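Since the structure comes first, as structure tokens, the remarks are kept for the end.
The values are calculated or read from the model by the stated rules, or taken from the named source; none is laboratory data. Remember, predicted model here, so these are calculated numbers, not experimental data. Cβ placement follows ideal geometry from the backbone for every residue including glycine, while neighbour counts extend to all protein chains displayed. Protein only, heavy atoms only, side chains kept; ligands, DNA and RNA dropped before computing areas. Shrake-Rupley method; radii C 1.70, N 1.55, O 1.52, S 1.80 Å.
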Amino acid sequence: QVQLVESGGGLVQPGGSLRLSCAASGNIFMINAMGWYRQAPGKRRELVATIIRGGSTNYADSVKGRFTISRDNAENVVYLQMNSLKPEDTAVYYCNAEITYYSGSLHENNYWGQGTQVTVSS
């Protein structure tokens with residue numbers, strides 16, 4: 001019913017920048033919250049940043065001042081601008097969304113994208 005598709009990952013040098021995007025599609029009534037998580041090899045999946053319907057944002061301490069989460073509500077897209085990238089930012093980044101969707105009636109569910117690889121290396 002609802003699908004999340006991430007894009008924008010790739011290989012970048014330390015100090016470089018990338019912008020990730022996540023597009024939600026389907027019978028969406030409302031996107032209540034969207035966020036980015038990441039999982040590095042041998043590590044637990046961790047929260048990177050979230051943005052809720054009202055626009056409030058939260059960031060992991062490790063990315064504050066370097067990453068910015070934003071949204072385009074008209075297109076159901078969330079972005080993660082990543083600046084001053086470090087090797088320790090290397091991970092698979094996953095989009096997550098809490099969505100109210102329409103399927104005869106309204107339903108609410110949490111969705112995950114397939115992930116996009118970000119590699120920071122010289």
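Annotations for the structure displayed:
- Near the amide H of L85, within less than 5 Å, lie the amide hydrogens of G15, G16, all on another chain or at least 5 residues away, with H placed in the peptide plane.
- With the largest listed first and rounded to whole Å, the semi-axes of the equivalent ellipsoid of the chain from the Cα gyration tensor are 27, 14, 12.
- From phi via Karplus (6.51, -1.76, 1.60), per-residue ³J(HN,Hα) for the range 82-92 in Hz, x at Gly/Pro: 10, 10, 6, 5, 10, x, 6, 7, 4, 5, 8
- The residues neighbouring Q39, those whose beta-carbon lies less than 14 Å from its own, together hold a net charge of 0 under the Lys/Arg +1, Asp/Glu -1 convention.
- Percent accessible area from carbon and sulfur atoms, the chain, protein chains only, probe 1.4 Å: 45 percent
- Equivalent-ellipsoid semi-axes for the range 1-67 (Cα gyration tensor, √(5λ), whole Å, largest first): 23, 16, 13.
- In Å, descending, principal axis extents of the Cα set of the range 63-122: 51, 21, 17
- Accessible heavy-atom area order of E6, E75, E98, highest first, probe of 1.4 Å: E75, E98, E6
- Integer Hz, Karplus 6.51/-1.76/1.60 couplings in order for the range 106-118, x for Gly and Pro: 7, 9, 10, 7, 9, 10, 10, x, 7, x, 9, 7, 10
- 3J(HN,Hα) along the range 35-46, derived from phi through the Karplus expression 6.51 cos²θ - 1.76 cosθ + 1.60 where θ = phi - 60°, amounts to x, 10, 10, 9, 9, 8, x, x, 10, 6, 5, 10 Hz, with x in place of Gly and Pro.
- Under 5 Å, built H, 5+ apart or other chain: amide partners of G115: E6, C95
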